[in-house]
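Student: My questions all concern the structure below.
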Amino acid sequence: MNLSRQVKSQPQTGRSPEDILRWAYETFGGTVTIASSFGLEDVMLIDMASRLYERPDVFYLDTDLLFHQTYQTIHAMRERYALNLRRVSPEISLARQAEQRGEELWAQDPNQCCHIRKVEPLTRALNGYKAWITGVRREQSPTRATAEAVEWDNKHGLFKINPLVLLNTDDVWHWVRKHQVPYNALHDQGYPSIGCMPCTRAIKPGEDARAGRWAGFNKLECGLHP
Ligand code: SF4
């Protein structure tokens with residue numbers, strides 16, 4: 001798709017995160033939403049967005065399997081920022097999932113588990129919006145190495161905006177520390193990337209930032225950023 005036919009003067013990859021985010025709010029206003037797992041990139045984005053737009057729309061996918069430190073981070077962010085915060089849940093409970101698909105589906109078929117608890121809820125979360133903002137960075141994994149600042153999300157039919165795409169980990173920490181943004185305590189315990197409890201472990205020295213996700217499976221993404 002030719003993006004320039006859809007919106008005027010979208011920022012190129014290489015512009016500053018603030019420029020990209022400002023463009024997003026000027027272009028889409030209340031019809032842009034931030035996808036947040038409340039990881040380091042996401043709390044940075046929320047802080048930055050709150051400086052540019054009143055009461056930004058933010059959603060998170062509550063799989064019912066998040067770390068208690070993640071819920072603490074959500075609480076801290078709610079206290080600190082004025083957000084239109086949406087909690088999006090899977091259509092079935094963990095108990096129903098176990099009945100229908102077997103106990104601990106994440107250990108048998110994580111793709112199916114992610115589909116039920118993340119991918120389908122994401123589609124509902126984006127319904128009615130014109131753009132979504134993510135914390136995707138090229139440095140995070142090979143699957144993200146070609147991400148652009150502004151993309152057309154063909155699957156969901158809206159723009160996908162990745163303001164932090166060229167930042168490195170130090171850049172993100174610098175912003176978070178400088179502005180004293182609340183962050184997930186697990187980041188200080190060897191968890192650079194934090195998802196659901198059963199599928200996230202601390203990484204060892206020298207490992208890729210996402211090596212602690214779905215360890216033992218040939219899987220790097222939950223399906224939200226294909
Ligand atoms: S990350 Fe693990 S527990 Fe969470 S939805 Fe995916 S497979 Fe299930």
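Throughout, read-outs are computed from the coordinates displayed, never taken from laboratory work. It should be emphasised that the depicted structure is a prediction, and the values quoted were computed from it without experimental measurement. Cβ: placed from backbone, ideal geometry, glycine included. Neighbour counts: every protein chain shown.
Student: Give me the extension gain from GLU79 to ARG177: residue separation times 0.36 nm, minus the current Cα-Cα distance, reported in nm with one decimal.
Tutor: Full extension from GLU79 to ARG177 adds 33.5 nm.
Student: A follow-up question, please. Kindly put SER37, SER93 in sequence by how many other C-beta atoms sit within 10 Å of each C-beta, fewest to most.
Tutor: Least to most surrounded, the residues fall as SER93, SER37.
Student: While we're looking at this one, here's another question. How many angstrom separate the Cα center of the stretch 56-84 from the Cα center of the stretch 104-163?
Tutor: Comparing the Cα centres of the stretch 56-84 and the stretch 104-163, I get a distance of 18 Å.
Student: Report, in degrees rounded to the nearest 10, the 0 to 90 angle that the Cα long axis of helix 68-80 makes with the longest principal axis of the chain.
Tutor: For 68-80 against the chain, the angle is about 30 degrees.
Student: Okay, next question. Rounded to the nearest 0.05, what FRET efficiency is calculated for ASP208 and THR146 with R0 set to 22 Å and r the Cβ-Cβ distance?
Tutor: 0.85
Student: Still on this structure: Do any GluC sites (Glu not before Pro) in the stretch 12-64 lie in a DSSP loop with no more than 12 other beta carbon atoms within 10 Å, and if so, which?
Tutor: GLU54
Student: What FRET efficiency do you get for MET197 and GLU99 if R0 is 30 Å and r is their Cβ-Cβ distance, rounded to the nearest 0.05?
Tutor: 0.90
Student: Lysine pairs, Cα distance under 15 Å, 8 or more residues apart or cross-chain: how many in the stretch 94-226?
Tutor: Close lysine pairs under the 15 Å cut-off: 4.
Student: Hey, got the dipole for the stretch 13-199? About the Cα centre, +1 on K and R Cβ, -1 on D and E Cβ, debye to the nearest 20?
Tutor: 320
Student: So the label point goes 7 Å from the Cα of GLU139 along Cα→C-beta, right? Which residues of the stretch 39-70 then have their backbone N under 17 Å from it?
Tutor: 39-45
Student: Please compute the modelled spin-label separation between ALA215 and GLN189, points set 7 Å along Cα→Cβ, answer in nm with one decimal.
Tutor: 1.4
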